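Scroll down for the structure; my scribbles are underneath it.
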Amino acid sequence: MRTLLITGGANGFGKGIAMYYLNRGDRVIVIGSSIENGNAFCAEAKRLGMEDRAVFIQANLSLVKENNRIIKEIKEQFYSLDALVFCAARHNKQYTQTVEGVESTFALAYLSRFVLSYGLKECLERTGTPVILNICGTGMKGEVNWDDLYFKNSFDPMKVMMHGSRLNDLLGVEFSKNDIVGKIKYILYNPMAVNTPGMMEFGSSLIKLAYRFIGKPIEKAVLPIAGLLNNPPTFNLSAYKEKRPLALSLPTYNKENAKRLYELSNKIMLELK
């Protein structure tokens, strides 16, 4: 039996992955902000006779202190993890700042993944073939907004969402470089259009219409992800658009930018202490 931790796993895409692995006989820990969604997830697992392998932990992952709490709880309660899957994301239509002073989209879609990747590394290394799968729009063209990382002066919801994907690309690059043990397989994954409640709520009328027609159902979108988690690539870092591997020589995986973002992220973490 494997143990998987899935952020944003109590609803939408994350829940689809969680239910897939519960049905395979694995233990699934889901992290989410909504107690209502968490209770619904646990109730569904109980109805299917899987409640002993379904765990919900409520947390606001847009706060660094909450990510640190989760790391502490996981280390105390579970000791090891086979896979860490990042699905949690919430895209605001206007600039929104957390109580810690960080832009909310950046905090959840990037900074939380940064904290958990490094914070749970030890737990992952205690298993045979550990995997981190980071679901984002990997492989996108565009530049990092170094002068205004939070887009405070020019907030645009779609630009901020795509910017978060570029940041996660750099997170994967630098994590793999810093991983001296070299056991963890870090996978950046772009599922392309998936018909999720979050996107239908966030998107413009045009995007909603497009996703309604071309968006894959969650059950179908989960299958290539499961293929990667069940049989991870041999490389320490890999990137995919659905089933198609992406070349890590693309500009979005620039090593110098990855190092620069890593240093900036650590600076942000120090300021939040």
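The values are calculated or read from the model by the stated rules, or taken from the named source; none is laboratory data. These figures come from a predicted structure and were not determined experimentally. Ideal geometry is used to build each Cβ from the backbone, glycine not excepted, and the neighbour counts take in all protein chains shown.
Taking segment 129-173 as the region of interest, how many residues are in a loop (DSSP other than H, G, I, E, B), out of contact with any strand residue (DSSP E or B) (no Cβ under 6 Å at 6 or more places or on another chain) and β-branched (Val, Ile, Thr)?
Selection size over segment 129-173: 2.
Residue 44: surrounded by 15 or more Cβ atoms within 10 Å (Cβ to Cβ), modelled with pLDDT under 95 and either in a helix (DSSP H, G or I) or in contact with a helix residue (DSSP H, G or I) (Cβ under 6 Å, 6 or more places away or on another chain) (or both), yes or no?
Criteria met by residue 44.
Take residue 102 and tell me if it is over 24 Å from residue 186 (Cα atoms) and of a type outside the set (Ser, Thr, Tyr).
yes
Restricting attention to segment 113-161, which residues are over 13 Å from the mean Cα position of the chain (by Cα), of a type in the set (S, T, N, Q) and under 21 Å from residue 91 (Cβ atoms)?
Within segment 113-161, 145, 153, 154 meet the criteria.
Which one is nearest to residue 27 (Cα to Cα), of the residues in segment 55-69 that are outside any loop (DSSP other than H, G, I, E, B) and out of contact with any strand residue (DSSP E or B) (no Cβ under 6 Å at 6 or more places or on another chain)?
Selected residue: 58.
Scan segment 204-246 for residues that are aliphatic (A, V, I, L, M), in a helix (DSSP H, G or I) and either under 15 Å from residue 134 (Cβ atoms) or at pLDDT 90 or above (or both) and jot them down.
225, 226, 228, 229
Among the residues of segment 174-203, which ones are part of a helix (DSSP H, G or I), of a type outside the set (Phe, Trp, Tyr) and modelled with pLDDT of 95 or more?
The answer is 174, 176, 177, 178.
Among the residues of segment 86-96, are any touching a residue at least 40 places away in the same chain (Cβ under 8 Å), surrounded by 14 or more Cβ atoms within 10 Å (Cβ to Cβ), assigned to a helix (DSSP H, G or I) and of a type in the set (Lys, Arg)?
No: zero hits.
Would you be able to tell me the number of residues in segment 17-56 that are touching a Gly at 6+ places or on another chain (Cβ under 9 Å) and in contact (Cβ under 8 Å) with a residue 60 or more places away in the chain?
Summing the residues that are touching a Gly at 6+ places or on another chain (Cβ under 9 Å) and in contact (Cβ under 8 Å) with a residue 60 or more places away in the chain in segment 17-56 gives 1.
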